[in-house]
Amino acid sequence: MEIKQIVEPDGTVVILAASIPTEDVIVRSKAGYVPQYVTDIFGKTPRVTKDVTLLRLINISRKSFPEFELVSLGTPVNFDVAPTHLTRVEMHFKTPDQVEKCLKEIDTSDMMIRMRVQPAWDWQCILRHDNSVVLHVGWYDTVYFLQFKDIFLGDLHCRYSAKFGFDPREAKMTHFRYDAQGNLDVVDSLDEREQAADAIKDQVEFLRVFRDGTVEKT
């Protein structure tokens with residue numbers, strides 16, 4: 001993939017990461033940061049791509065949650081990109097109605113990803129048993145992961161979860177990193193790669209630019 005970039009007068013480098021007729025996804029930084037979902041793609045990286053890691057995740061989830069039903073494979077995108085991290089969210093509700101509303105909201109979010117463009121993350125391997133739901137978020141860039149890994153606990157998602165009567169701070173959330181072979185390790189502390197990404201994360205912006213000039217964070 002040819003990386004398209006523009007250098008602004010102040011030295012800020014703008015990377016065009018993805019584009020569809022309605023919008024562009026760009027990455028801005030003075031460090032000239034190129035996101036991993038642009039570079040770590042099938043045929044260009046030794047890292048294992050999503051087609052392999054998703055199958056492994058399904059098998060791991062079935063062993064870890066044997067009573068659960070797999071209700072969705074997740075968002076059907078990014079199969080040729082190597083994921084960097086994975087977040088597991090375990091939620092326990094009081095009523096079946098809450099479960100249905102939760103799954104509906106996930107489905108709505110999933111459709112938004114399909115209709116727009118979101119190369120940095122996706123939904124994966126969603127499971128259900130009685131009044132419990134387990135979902136996974138796949139991440140495709142280390143800087144992006146470090147910026148947004150705890151967004152589930154933020155005010156926006158608290159309002160979002162209020163639609164089905166759930167406080168996301170009651171969820172169990174576990175972050176994992178992928179190694180080059182696609183194996184998962186729990187993120188207890190930052191490794192060398194993550195420390196380097198953490199040092200520049202405040203200098204990098206992930207933005208969505210619409211054709212009318214409107215800009216929002218991705």
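What FRET efficiency comes out for Asp10 versus Phe79 if R0 is 30 angstrom and r is the Cβ-Cβ distance? Round to the nearest 0.05. Intermediate results must be reported in sequence, preceding the final value.
Values: r = 37 Å, r/R0 = 1.24.
Once the sixth-power term is evaluated, E becomes 0.20.
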TODO: Would you pull out the residues with amide H under 5 Å of Ser72's amide H, same chain only if 5 or more places away, H placed 1.01 Å from N?
DONE: Ile126
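Taking 0.36 nm per residue of sequence separation and subtracting the Cα-Cα distance, how much length would be gained by fully extending the chain between Lys63 and His129, in nm to one decimal?
Working: separation 66, 0.36 × 66 = 23.76 nm, distance 1.40 nm.
Gain on stretching Lys63 to His129: 22.4 nm.
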Task: Simple Cβ-charge dipole of the chain, Lys/Arg +1 and Asp/Glu -1, about Cα centre, in debye nearest 20 - done: 280 debye
Open item on the list: Give me the percent relative contact order of the chain, please, defined on Cα pairs under 8 angstrom at least 6 residues apart.
Closed with: 26 percent
TODO: Return the calculated 222 nm mean residue ellipticity for the chain, to the nearest 500 deg cm²/dmol, obtained by summing -39500 (n - 2.57) across DSSP H runs with n ≥ 4 and dividing by the residue count.
DONE: -8500 deg cm²/dmol
Task: Using θ = phi - 60° and Karplus 6.51 cos²θ - 1.76 cosθ + 1.60, couplings along segment 55-62 (whole Hz; Gly, Pro as x) - done: 4, 5, 5, 4, 5, 4, 5, 5
- [ ] Calculate the spin-label point distance for Val52 paired with Phe210, positioning each point 7 Å from the Cα along the beta-carbon direction, and give it in nanometres.
- [x] 4.0 nm
Open item on the list: Quick query: amide H of Ala18 versus all other amide H atoms, modeled in the peptide plane; which residues come in under 5 Å with a sequence gap of 5 or more or a different chain?
Closed with: Val25
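Give the calculated FRET efficiency between Ala31 and Met111 to the nearest 0.05, with a Förster radius of 30 Å applied to their Cβ-Cβ distance. Intermediate values should be presented prior to the final figure.
On the way: r = 34 Å, r/R0 = 1.13.
According to the calculation, E is roughly 0.30.
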Open item on the list: Can you find, among His129, Phe152, Phe206, the residue sitting farthest towards the positive end of the charge dipole of the chain, where Lys and Arg contribute +1 and Asp and Glu -1 at Cβ?
Closed with: His129
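Within segment 1-88, which GluC sites (Glu not before Pro) sit in a loop by DSSP and count at most 15 neighbouring Cβ atoms inside 10 Å?
Working: sites: Glu2, Glu23, Glu67, Glu69; in loops: Glu2, Glu67.
The qualifying sites are Glu2, Glu67.
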Open item on the list: Based on the alpha-carbon set only, what is the convex hull volume of segment 46-200 divided per residue, in Å³?
Closed with: 114 Å³
TODO: Would you mind giving the three semi-axes, in whole Å and largest first, of the ellipsoid equivalent to segment 88-171 according to its Cα gyration tensor?
DONE: 22, 14, 12
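Bear in mind that the values in this text are calculations on the coordinates, not laboratory data. Computed from a prediction, not measured in an experiment: that's the story for all the values here. Using ideal geometry, Cβ is built from the backbone for each residue, glycine included, and neighbour counts are taken over all protein chains shown.
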